[in-house]
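Readers should treat all values here as calculations from the given coordinates under stated rules, not as data from a laboratory. Keep in mind that what you see is a predicted model, and the values were worked out from it rather than measured. Reconstructed Cβ throughout: ideal geometry from the backbone, glycine too, with neighbour counts over all protein chains shown.
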Amino acid sequence: MNYREETPEVFYSTLTSPVFGQKERAFLIEKANKNPRRRARICFHEHADAEFHEMFILHYRDAYVRPHSHRGKPESIHVIEGNIDLVLFTEAGQIEKVVSLSNHSTNTSYCRMREQKIHMLRIQSEFAIFHESTRGPFVSTDTVFPHWAPEEHQQPEVSEFLSKIDLELST
């Protein structure tokens, strides 16, 4: 295919004018299925230092992305397939707002967050594919994790945290 593998879950398109369609969807499903973190992305920007980042991302329902915010970087999410709850938090870790996003024509499918907004995604379908855009370059220290959000490797804490979030989302 026309991808350069950065990591087992991050791929860069090598095409001059990349497109997203059924072949790219199948590629994301295949790669996310093989990835222990249950997610994969195709970057349409050329490299991590690019000024503008565009990615097509697939997360399975059981993928955990620690709540986080981005210094100096607004972010937009547009759902292509599936159902996602975009959970926005206060600095103290309370749920401030939930934006339900889906690709159904009668629902909200897009949200833009201002910089420094703590957020996470809860996938409500088997998997979801979304288009994410943000300002580059990618600098890992620009991603800020609140102290109250467990790290991925803290499995018992992650399970407890997600159960609490899911309970709040269901009420």
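Relative to the longest principal axis of the Cα atoms of the chain, the long axis of helix 22-34 lies at roughly 60 degrees. Qualifying trypsin sites (Lys or Arg not before Pro) in the range 26-73, where qualification requires a DSSP coil assignment and no more than 16 other C-beta atoms within 10 Å, comprise ARG37, ARG61, ARG71. In whole Å, what is the distance between the alpha-carbon centres of the range 14-40 and the range 95-116? That distance is 23 Å.
The stretch between LYS34 and THR16 holds 3.7 nm of extra length on full extension. This uses 0.36 nm per residue minus the Cα-Cα distance. Between the helical axis of 155-170 and the longest alpha-carbon principal axis of the chain there is an angle of about 80 degrees. Summing Cβ point charges (Lys, Arg +1; Asp, Glu -1) relative to the Cα centre of the range 27-170 gives a dipole of roughly 100 debye.
Across all directions, the average projected area of the convex hull around the alpha carbons of the range 3-170 is 9.7 nm². State the answer as a single residue: which of ASN33, HIS45, TYR12 lies farthest towards the positive end of the charge dipole of the range 9-85, with beta carbon charges of +1 for Lys and Arg and -1 for Asp and Glu, about the Cα centre. Highest projection toward the positive end goes to ASN33. Each residue in VAL79, VAL99, VAL144, VAL87 was given a count of other beta-carbon atoms within 10 angstrom of its own, and listing them fewest first yields VAL144, VAL99, VAL87, VAL79. FRET efficiency for the ALA26 to THR90 pair, using the beta carbon distance and R₀ = 30 Å, is estimated at 0.15.
For the chain, the 222 nm mean residue ellipticity estimated from helices alone, with every DSSP H stretch of n ≥ 4 adding -39500 (n - 2.57) and the total spread over all residues, rounds to -5500 deg cm²/dmol. By a straight-distance test (C-alpha under 17 Å), which lysines pair with LYS164 as possible cross-link partners, with residues fewer than eight away in the same chain excluded? Here the lysines satisfying the reach criterion relative to LYS164 are LYS97.
A full extension of the chain between GLU126 and VAL99 corresponds to an added length of 7.9 nm, given 0.36 nm per residue minus the alpha carbon distance.
If the chain linking ARG61 and VAL144 were pulled fully straight, counting 0.36 nm for each residue of separation and taking away their Cα-Cα distance, it would gain 27.6 nm.
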